[in-house]
Every structure is written in structure tokens, then in C-alpha cells.
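Just below is one structure, and these are the notes that go with it.
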């Protein structure tokens, strides 16, 4: 399954994927995303900056991930242990019909490879404390929990991993 940079023409499909994921999370009692975030402006900006990547299968978009160097201001309070050039993962999403089929792991493997080939030393991310599947994914991939931060929707765990 090829992963490629998103194009402007992908915007409707990416937004539809996010809406589907939001509905699925709401049914599971997970309130990390809503109609405010992620939104069309965020997706458009990610696409214009060439930071959004999409995974397609069976003729449709099944996963997305944003990769950049932007660390939220709240990250300054986290006790990170790894130094060096850092890539940050944002807005990883997998179509509900493809969850549990290693798609998120594939997107994360792509992120790690992307980081290594571009000279990054570490990958960082945050995950909503009320999303057990996301927390299990990152811990299962070897990420170390470095601390917590507060965002609009509550507490988020911050993770890091070395990709050297």
C-alpha cells in the first residue's frame, strides 16, 4: 500500500475520513476530536506545506498522517530525554473499517523511515489520555512516555522514540 504526499484534490476525502473517525470515537466515548479540530483549514495548511501524507487501498483513502517539526508550546513543560533534530507526528487517523489491521503501524513505520532518511534523531507525538488504542499503539512501537500536557480536550500523554 503506497503512502504519498497529499494533494489539494485529497481534501474532501481527508475531511471525510476525519469525520468518520470522529463519529467512531464518539461512539466509543473518546472525545479527543470534534467539529472544531481537525478542520478544513488545518488539512489545507498541512497539504500546502507538504506535510500531510495519505495511504490508499481498495480505491479509497484509508489513513493519514502529518509530519513536521512543529512542537506545541505545551511541549516545553515535558521532560524529554532524547535530544537532536525532532520530527513530530500529528493527526494520525485510520478509517474505522481498517482499524486493527496494522494500518496505523504502517503509517508510523513510514514516519520513522521518513525521519531517518532526513536526518532526524527523534520522533515525538502526543496522544489523548482517553484513547487506549492510540496509547497501546505507541507503547507497543517502543515509544517512551515523557510526560503529559493539557489541551482543549483534556490530558494528552507525550511520547518520544529514537530513530537513529
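Going by how many other Cβ atoms sit within 10 Å of their own, how do 34, 83, 10 line up, fewest first?
The most exposed by this proxy come first: 83, 34, 10.
Based on other C-beta atoms within 10 Å, arrange 24, 158 from fewest to most.
The most exposed by this proxy come first: 24, 158.
Please arrange 35, 7 by how many other C-beta atoms lie within 10 Å of their C-beta, fewest to most.
Fewest-to-most Cβ neighbours within 10 Å comes out as 35, 7.
Starting from 0 in steps of 5 Å, tell me what percent of the Cα-Cα pairs of the stretch 1-54 lands in each bin.
Values per bin, smallest distances first: 4, 20, 27, 21, 16, 10, 2.
I need to check one value: relative contact order of the stretch 3-162, counting alpha carbon pairs closer than 8 Å and at least 6 residues apart, in percent.
For the stretch 3-162, the relative contact order is 22 percent.
Could you state, as a whole-number percent, how many of the C-alpha pairs of the stretch 70-123 are farther apart than 18 Å?
Value for the stretch 70-123: 44 percent of Cα pairs lie more than 18 Å apart.
Compute the distribution of all C-alpha to C-alpha distances in the stretch 3-162, in bins of 10 Å from 0, and list the percent of pairs in each, rounded to whole numbers.
10, 41, 40, 8, 0
Read-outs: derived from the displayed coordinates by stated rules, not from any lab. Quick caveat, the model's predicted, so the values are computed rather than measured. Don't worry about glycine lacking a Cβ; one is built from the backbone with ideal geometry, like all the others, and counts go over all protein chains shown.
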